[in-house]
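The values are calculated or read from the model by the stated rules, or taken from the named source; none is laboratory data. Small disclaimer: the values here were computed from a predicted structure and weren't measured. Note: ideal-geometry Cβ built from the backbone for every residue, glycine included; neighbour counts use all protein chains shown. Accessible surface is based on the protein model in full, side chains and every heavy atom, while ligands, DNA and RNA are left aside. Shrake-Rupley method; radii C 1.70, N 1.55, O 1.52, S 1.80 Å.
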Amino acid sequence: MSEGGQVVDLKFAAAQGESAEVCFEPVGTTFSLRDGEAVFLRTAIANVASLEIVSWSNGIGVWVPYPGDYAIIDSKGIEIDRL
């Protein structure tokens, strides 16, 4: 991911008792979360300042600098997708 650099996992979650969609752009990968479920964006810490996060009712859009090396991780720490 980042050779010798620090990596961070950014958490995106639905509130308890609620549902939410998390969409990672510019590729449009979307996850539907329910009742406290979460996904994490794993990226180099140097990329954090370049992320654009937009929210709307029941959703979050996360724009990442592209191209790049990003992993989507589930709450068990398993990689479920790559951007």
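Annotations for the structure displayed:
- Per-region count, segment 1-46, residues free of Cβ contacts under 8 Å to residues at least 40 places away in the same chain, of a type in the set (A, V, I, L, M) and more than 11 Å from Y70 (Cβ to Cβ): 5
- Residue in segment 37-70 that is nearest to the chain's Cα centre (by Cα), counting only those that are open to solvent by less than 30 Å² (accessible area, probe 1.4 Å) and farther than 11 Å from L10 by Cβ: G61
- Annotation note: of G61, G28, G5, G36, the sole residue that is small (G, A, S) and touching a helix residue (DSSP H, G or I) at 6+ places or on another chain (Cβ under 9 Å) is G5.
- Count of residues meeting criterion [open to solvent by 60 Å² or more (accessible area, probe 1.4 Å) and on the phi > 0 side of the Ramachandran plot] in segment 18-36: 1
- Cβ-Cβ distances below 6 Å connect the following pairs, each with a first residue in segment 47-67 that is closer than 16 Å to S19 by Cβ and in a loop (DSSP other than H, G, I, E, B), a second residue that is small (G, A, S) and at pLDDT 95 or above, and a separation of six or more residues or different chains: N58/A20.
- Check on S2, of a type in the set (S, T, N, Q), surrounded by fewer than 16 Cβ atoms within 10 Å (Cβ to Cβ) and at pLDDT 95 or above: no
- Looking only at segment 71-83, residues that are in a loop (DSSP other than H, G, I, E, B) and either more than 17 Å from V27 (Cα to Cα) or open to solvent by less than 20 Å² (accessible area, probe 1.4 Å) (or both) come to 4 in all.
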